[in-house]
Amino acid sequence: MKTVRNLIEKIRIKINDGSSFEFSDEELLSYIHSGLTQIEMLLLSNRVKFNITLLQTSVNICPLPSDMLEIYNIIINKNTVPLKNEYEESYGYYILNNNIMLPENNALIYYIKEFDRFLIDDAINLASSYIEYLYLFTVIKALSRLEFNMDREEKELIQLSNLIIKTTLSKYGSYTLKRDNRFAL
């Protein structure tokens, strides 16, 4: 799969909509984006390390990045800073009004960044297991909208579940699913 358009063409074959009669490219693209959100939530819930990005700040109040899913780690003076306990006077960082409130200046903030959302002609720069997931997820969403045969839909859901288990929960899940972000911890 080279581009999003190629993926959509493959999806159209599966859902029997080669002439774009039932689904616009934009609708199928919205299902693909929903699938990306599902992948992110699945990875976060299973504590898989992926798409970690570095943000350096020299001040103690840092705006939350718009593409942040979760803070992975904060380091000040080569020490990891914990999340501050809300009801105690413990040392640490906390989030307030869309800002990361740091106990000191000069912090390294490692955060899990959301996957980039695609346009129709964009190249897909994801692992093949992600692309397969997006394919199956989009097919299921499209067939669900058409209220297709539940037997067929159930088969697709089983394939999708097996793919999730095989990739994200496997022994090598964090390696096979980690996206190249040009930064390694």
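Values in this text are rule-based calculations from the coordinates and carry no lab data. Only a predicted model underlies this, so the values are computations on that prediction, with no experimental measurement involved. Because the Cβ atoms are built from the backbone with ideal geometry, glycine has one as well, and the counts that use them run over all protein chains shown.
Of note:
- Compactness of segment 12-65, taken as the C-alpha radius of gyration over 2.2 N^0.38 Å, stands at 1.85.
- Cross-link pairs exceeding 24 Å between alpha carbons, from the set Lys14/Lys113; Lys78/Lys113; Lys14/Lys141; Lys49/Lys84; Lys14/Lys49: Lys14/Lys113; Lys14/Lys49.
- Out of every Cα-Cα pair that segment 1-117 contains, those further apart than 21 angstrom amount to 54 percent.
- If a spin label sat at a point 7 angstrom from the Cα of Glu27 along the line to its beta carbon, the backbone N atoms of segment 119-139 nearer than 20 Å would be those of 119-121, 134-139.
- Residue order, fewest to most beta carbons within 10 Å, for Arg117, Arg12, Arg5: Arg117, Arg5, Arg12
- In this label model, Asn79 and Asn99 are separated by 2.3 nm, measuring between points 7 Å along each Cα→Cβ vector.
- Which of Tyr72, Tyr94 has the fewest Cβ neighbours within 10 Å, and the rest in rising order: Tyr94, Tyr72
- For segment 33-147, relative contact order (Cα pairs under 8 Å, six or more residues apart, normalised by length) works out to 34 percent.
- Mean Cα-pair separation over length for segment 52-113, i.e. relative contact order, pairs under 8 Å, 6 or more apart, %: 55
- Long-range tail of P(r) for segment 52-113 (Cα pairs > 19 Å, %): 20
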